[in-house]
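Q: Provided herewith is a single structure, encoded as structure tokens, for subsequent inquiry.
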Amino acid sequence: MTALAAVKPAAGFDIDRIRADFPILAEKVYGKPLVFLDSGASAQKPRVVIDAMTRLLEHSYANVHRGIYSLSQSATDQFEKARDIVARFIGTPDSREIVFTRNATEAINLVAYSWGQAFLKAGDEVLISHMEHHANIVPWQLLRDRIGIVLKVAPVNDAGELIWDEFVKLIGPRTKLVAITHVSNTLGTIVPVADVVRVAHEKDVKVLIDGSQAVQHMHVDVKALDVDFYAFTGHKLYGPTGIGVLYAKAALLEAMPPWQGGGDMILSVTFEKTEYNDIPHKFEAGTPAFVEAVGLGAAIEYVQSIGLEAIAAHEHDLLVYATERLQAINSLRIIGNAKDKAGVISFVLEGIHPHDIGTILDREGIAVRVGQHCAHPLMERFGVPATVRASFGLYNTRAEVDALCAGLQRVREIFG
Ligand SMILES: *Cc1c(COP(=O)(O)O)cnc(C)c1O
């Protein structure tokens, strides 16, 4: 059973005003109000994000970093301002440490290709955990296939927490990198990443953190953490798709070779020799997703205007409330009962396939994720083929949790 402490919703957190900021929340599904409980897969967008992108497209659209004319200058300024916003948001004063990518997946692949291929050799170990998203498993397997690194996996206990002693033991003399999630997308487990960085650095091991499920829920400070690489994705942070972020220490980026070649990442090109651009542009070949970057900047400013502490308190209240209510449902089993959890609840109902549950809930206007959540090894670990996952965003309410529980009662009635 979970031991989550109850927290009062933050004072001044005006949920009605916040919900009004998200146009899609007024939609109906099968004539019922939309209850969106799948923000862990992708969050909805506030009006300010949609407007920021539309404004750029309508008033200052032109390719960045090339034109001498006003439109291009303006688009470039906005793009680079978005980089500054991202940098401050995660606690670095140096915007050169922010590389824009397509998403978190590309950010992790960048590290595996560039840093991995340049600085690791056969027999070197990369340590991940059993609760990684496929995005933080497969790039390391590809690297293993290319250069012969060894992939080690730290186990989790039945509550879905990293088994600390085992984890520390797995950091050995050949370990070169710990690549681990900050928050599990399936279990909601919050990994003690400050401790991870500390023990890894004591052994001179670099650390990559996958923050795809963290930055939208809690304050992250890469400098306080002293983490080497931090990856996240824009669309789960109320920003658009097509934009993600790799933070890396400047010295690492300087030392890393480019991984894709093309325009924008060069200073000069002859057929004999190409001189690469400075960081971070060295890692941003081709026309970047600058409209989306500006949208992400607007999303971050929106989140900051509400405050991550207020958001975390609100979501924690929902988590505690939903956990209590779901546990009261007959033969419902919650997968993942870590002491430290973000607003994600995976569960199964005995004898009913998650896909059937998802389909019936959809008829009630309730959007949840069903399946394996890009974490096949984790499903195997907990002996379930799939789960239903409800995940909360800053706009969700207790009434929506009630709707979910009513929907699950409906499922029970249908299946008898
Ligand atoms: C969603 C997610 C990713 C991948 O994000 P993309 O936007 O698909 O690249 C990686 N890790 C975790 C923990 C995630 O939740």
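The values are calculated or read from the model by the stated rules, or taken from the named source; none is laboratory data. Fair warning: this is a prediction, and the values are worked out from it, not measured in the lab. Counting neighbours? That spans all protein chains shown, and the Cβs are built from the backbone with ideal geometry, glycine included. Heavy atoms of the whole protein, side chains included, go into the accessibility calculation; ligands, DNA and RNA do not. Shrake-Rupley method; radii C 1.70, N 1.55, O 1.52, S 1.80 Å.
Q: Just subtract the alpha-carbon distance of Ala251 and Ala41 from 0.36 nm times their residue separation and send over the number in nm, one decimal.
A: Result for the pair: 72.3 nm of gain on full extension.
Q: By average Cβ neighbour count within 10 Å, what is the ranking of 50-63, 286-299, 215-228, 71-84 from highest down?
A: Top to bottom by mean Cβ count within 10 Å: 286-299, 215-228, 71-84, 50-63.
Q: Among the chymotrypsin sites (Phe, Trp or Tyr not before Pro) in region 184-259, which ones are in a DSSP loop with at most 10 other Cβ atoms within 10 Å of the Cβ? Mind listing them?
A: Answer by residue number: there is no such site.
Q: State the extension gain, in nm to one decimal, for the chain segment bounded by Val153 and Thr54, taking 0.36 nm per residue of separation less the distance between their alpha-carbons.
A: That pair, Val153 and Thr54, stretches by 31.2 nm at full extension.
Q: Across region 290-347, what fraction of all alpha-carbon pairs, as a whole percent, falls in each successive 5 Å bin from zero upward?
A: Reading the bins upward from 0: 4, 15, 19, 16, 13, 11, 11, 7, 3, 1.
Q: Starting from 0.36 nm per residue, how many nanometres of slack lie between Glu301 and Trp164 once their C-alpha separation is accounted for?
A: 45.8 nm
Q: Keeping all protein chains in place, calculate the accessible area per residue for the chain (probe 1.4 angstrom), answer in Å².
A: 41 Å²
Q: Would you look at the GNM of the chain, springs on alpha carbons closer than 10 Å, and say which of Ala310, Ala406, Ala154 moves the most?
A: Ala406
Q: Could you rank the peptides 324-336, 199-211 by their average count of other C-beta atoms within 10 Å per residue, with the highest value first?
A: The peptides rank, most packed first, as 199-211, 324-336.
Q: Further question: Dividing the convex hull volume of the alpha carbon atoms of the chain by its residue count, what do you get in Å³ per residue?
A: Per-residue hull volume (Cα only) is 145 Å³.
Q: Based solely on its DSSP helices, what 222 nm [θ] is calculated for the chain when runs of n ≥ 4 H residues each add -39,500 (n - 2.57) and the sum is averaged over all residues, nearest 500 deg cm²/dmol?
A: Helices in the chain give a 222 nm mean residue ellipticity of -11000 deg cm²/dmol.
Q: Further question: Give me the one-decimal nm value for the distance between modelled label points at Asp84 and Tyr321, 7 Å along each residue's Cα-to-Cβ direction.
A: 3.9 nm
Q: Using DSSP, restrict attention to beta bridges with both residues in region 50-304 and report what percent are antiparallel, rounded to the nearest 5.
A: Of the beta bridges lying entirely in region 50-304, close to 45 percent run antiparallel.
Q: Note down the nm distance, to one decimal, between modelled labels 7 Å out along Cα→Cβ at Glu309 and at Tyr30.
A: 4.3 nm
Q: Going highest first, how would you order 311-323, 87-99 by mean Cβ packing within 10 Å?
A: With the highest mean Cβ count within 10 Å placed first, the list reads 311-323, 87-99.
Q: Rounded to a whole number, what % of the accessible area of the chain do carbon and sulfur atoms account for, probe 1.4 Å?
A: C and S fraction of accessible area: 53 percent.
Q: Past 28 Å, Cα to Cα: identify those pairs from Lys32/Lys339; Lys81/Lys152; Lys121/Lys249; Lys152/Lys249, in the order given.
A: The answer is Lys32/Lys339; Lys81/Lys152.
Q: Counting DSSP beta bridges in region 192-252, what percent are antiparallel, to the nearest 5?
A: The antiparallel fraction comes to roughly 60 percent.
Q: Follow-up. Counting only C-alpha contacts under 8 Å and six or more residues apart, can you give the relative contact order of the chain as a whole percent?
A: Once divided by the residue count of the chain, the mean separation gives 24 percent.
Q: Modelled label-to-label distance, His355 and Arg398, 7 Å Cα→beta-carbon offset: nm?
A: My value for the distance between the label points is 3.7 nm.
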